[in-house]
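What follows is calculated from the coordinates using simple rules that are stated; it is not laboratory data. Note that the structure is predicted; figures quoted are calculated from it, not measured. Cβ: placed from backbone, ideal geometry, glycine included. Neighbour counts: every protein chain shown.
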C-alpha cells in the first residue's frame, strides 16, 4: 500500500492517496508547454513520492499543497523548468480564482461581457422574465408559447446583426470563428449565420477543428479514467496555425481526419484550398484563444462569441448560473450523440469548467460580437426532464469527498428546478431553434 494512505484536500476532506494523480498533474503541465511524454511524467511522479517518503513520517496525511510544493521542487531539480513554471502559474491562478470566489470585489471580472449582460437583463426585465416568480406567473397564464416566440425573436435578431457586421468587413476577411464554452449553441448558430451570409453573396468553407485533436493516448487522464478533451492543448495548435495561415495565403493544405472511435488522428487526408471570395468558417471552443490563430492578422478574421447569458434570479436574489444551463444542455446532447449518460456528464463537468475559466472565458471580451444564446423557456423544460435526477445526485454524492464538485452542482441545480413550474410539452419550440441542438427534434442537419 506504500507509506501514505490518505491526503487532505483544500476543503479539509480526507481522501485516499492516489499516486496516479501526481503523474497526471505533471503530465497536464507538460502538455500545456508542448510535452507529451507520459513515461517521463510517471518517472518524475516516482521521484515526488520518494521525496514524500523522505519528508513525511509513515501514516502522515499530507495536505495537497504540501504535495504540490514537492512536485515543484522535483520538476525544477530535474531540469524541467518550463513545466515547473507552467505548474506554478497554474497553482497561482487557481488560488486567485478561489480567493475571488470567496470574496466580493468591486472590480468587475474580465470573464464577464458586462455590456451584453446589461442589455440581456434589460430585455428580460421588459418581458417579465427576469425572476422565477415572473416566469412562473407567465406560465400559469398559458403564455409559454409567447415566451418561446419572444426569446427566439431576440436570438434571431442577434444573428442578423452578426451577419451584417461580418459583411461589413469586406474583401480582407479570410475566416469567421464561432467560439464559446461547451453547449453554448455554436453548431446551430454557425449554420444560421452561414445561411444569412450566403444570401448576402458570401461563400463559406467549413473547417472541422476536431480533426486536429492529438491521438487519445496523448491526452491527460484522471484517476477515474476520464480523458480531458477540454483544453486547447488537446488540439495540435501548431498545425492549425500553419494550415490557417497557408489557406489565408491561397495555398492548398491537406486536412487531417480524427477517428473518435479509434481515438486516432490520420494526417494528410483531405485537400483544401480557398477559392477567390471564399471564407473559412470555424466552430470551436477555443477560437478566441490567442494561440489558436496567432499567425492570422486581425483584419483577416472575425471572432464571434456565444454564451447563454440568462438573466433570471430566484426569490433570494441569486441569478441562475450560465454554467448550469450549459451543463444540462450537454447532458441532453451527450446522451444522444456520445453515449454518455447524464450522470457521467455531471462527473466530467469539473474538467469543462476548469478549462473554460483558464482558456475560454478570459478572452470573451476580445470578440468582435457577442450573441446571448439563452432561452428563458428552457428552464421549465429542464425542470420537467431533470428535477428528480438532480435530487438523486445530490443525495448520492453528499458525503463523497471525491465528488464534492458533483454534489455542489447537483444541489444548486436541484434548487433551481424545484422552484420553476415544469413544462413537458416542447411543441412550441421551433424546429430550427438553437435549443433543438440539445433537446432534439431539430429540422437542421448537423452532420
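If you find the alpha carbon centre of segment 366-391 and of segment 166-204, how far apart are they in angstrom?
23
Divide by every residue of the chain the summed helix terms, -39500 (n - 2.57) for each DSSP H run of at least 4, and state the resulting mean residue ellipticity at 222 nm, rounded to the nearest 500 deg cm²/dmol.
-15500 deg cm²/dmol
Counting alpha carbon pairs within less than 8 Å and at least 6 residues apart, what relative contact order, in whole percent, applies to segment 6-102?
This gives 31 percent for segment 6-102.
Before anything else, pin down the relative contact order of segment 321-447: Cα pairs under 8 Å, at least 6 apart, normalised by residue count, whole percent.
27
Run the numbers on the chain and let me know its relative contact order in percent, using alpha-carbon pairs under 8 Å that are six or more apart.
Relative CO of the chain lands at 18 percent.
Please work out whether the chain counts as rounded, prolate or oblate from its C-alpha gyration tensor, where a ≥ b ≥ c are the square roots of the eigenvalues and a/c under 1.5 means rounded, while otherwise a/b larger than b/c means prolate and anything else oblate?
Here the chain falls in the oblate category.
If you take the beta carbon distance between residue 111 and residue 11 as r and set R0 to 25 Å, what does 1/(1 + (r/R0)^6) give as a FRET efficiency, to the nearest 0.05?
0.65
Return the percentage of antiparallel bridges among DSSP beta bridges fully within the chain, rounded to the nearest 5 %.
In the chain, DSSP labels about 40 percent of beta bridges as antiparallel.
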